[in-house]
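Written out below as C-alpha cells is the structure these notes cover.
The values are calculated or read from the model by the stated rules, or taken from the named source; none is laboratory data. It should be emphasised that the depicted structure is a prediction, and the values quoted were computed from it without experimental measurement. We place every Cβ from the backbone using ideal geometry, glycine too, and count neighbours over all the protein chains shown. Side chains are part of the model used for accessible areas, which takes the heavy atoms of the whole protein and leaves out ligands, DNA and RNA. Shrake-Rupley method; radii C 1.70, N 1.55, O 1.52, S 1.80 Å.
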Amino acid sequence: MKVYYSDKHRSHSPKTFISRGAVAQCPERPERADILLGAVKIAGYKVESPGSFGVSPLQRVHGGDYLDFLEQDIYFFTKDGPNISPYWLKANL
C-alpha cells in the first residue's frame, strides 16, 4: 500500500461538516492525522510526500461548477467556514 502524507493534513480541522443533511461536529482533527501517521509507520509502510499536479487532474474528473462550489460556495454553509478543506485548492492551483 502506498501512503502519502503532508504536514498540510494537520491543517484540516473544520469545526463542522454536513452529515446526512445536517450540520454535525467534525471528527477531523490534527491529532487524528498524527495517530494515523504513527500507525502506518509502526506497520512498516513507507510514507511519501504527495506531488503537486495543479488543477488539471481535478478538472478531468469534476465539472467546473463543482470545483467552484468547493472553492467558494461551501463557505456559506456554516458561520465557521467550510465543512471540507478547500485550502488544498488555493495552495495548489
Check: Which chymotrypsin sites (Phe, Trp or Tyr not before Pro) from the range 1-45 combine a DSSP loop assignment with at most 15 other Cβ atoms within 10 Å?
Finding: TYR45
Notebook entry, point to check: Going from most exposed to least, what order do SER6, SER52 have by accessible area with a 1.4 Å probe?
Noted result: SER52, SER6
Next item on the list: Return the long-range amide H neighbours of VAL3 (sequence gap of 5 or more, or a different chain), with a cut-off of under 5 Å between placed amide H atoms.
Entry: GLU48
Next item on the list: Return the loop-located trypsin sites (Lys or Arg not before Pro) in the range 1-56 (DSSP other than H, G, I, E, B) with at most 10 other Cβ atoms within 10 Å of their own Cβ; answer none if there are none.
Entry: LYS2, ARG20, LYS46
Notebook entry, point to check: With each label point set 7 Å from Cα along the Cα-Cβ vector, what nm distance links MET1 and ARG29?
Noted result: 2.3
Margin query: Among SER19, VAL61, ALA43, whose Cα projects farthest towards the positive end of the dipole of the range 3-77, with charges put on the beta-carbon of Lys, Arg (+1) and Asp, Glu (-1)?
Written below: ALA43
Checklist line | Anisotropy class of the range 1-75 from Cα gyration tensor, a/c 1.5 cut | finding: oblate
Notebook entry, point to check: By how many nm would the segment from ILE18 to SER49 grow when fully extended, if each residue of separation counts as 0.36 nm and the alpha-carbon distance is taken off?
Noted result: 8.3 nm
Checklist line | Fraction of accessible area attributable to carbon and sulfur, the range 28-73 (%, probe 1.4 Å) | finding: 54
Notebook entry, point to check: From the Cα gyration tensor of the range 12-55, with a ≥ b ≥ c the square roots of its eigenvalues, which class applies: rounded if a/c is under 1.5, or else prolate if a/b is larger than b/c, or else oblate?
Noted result: oblate
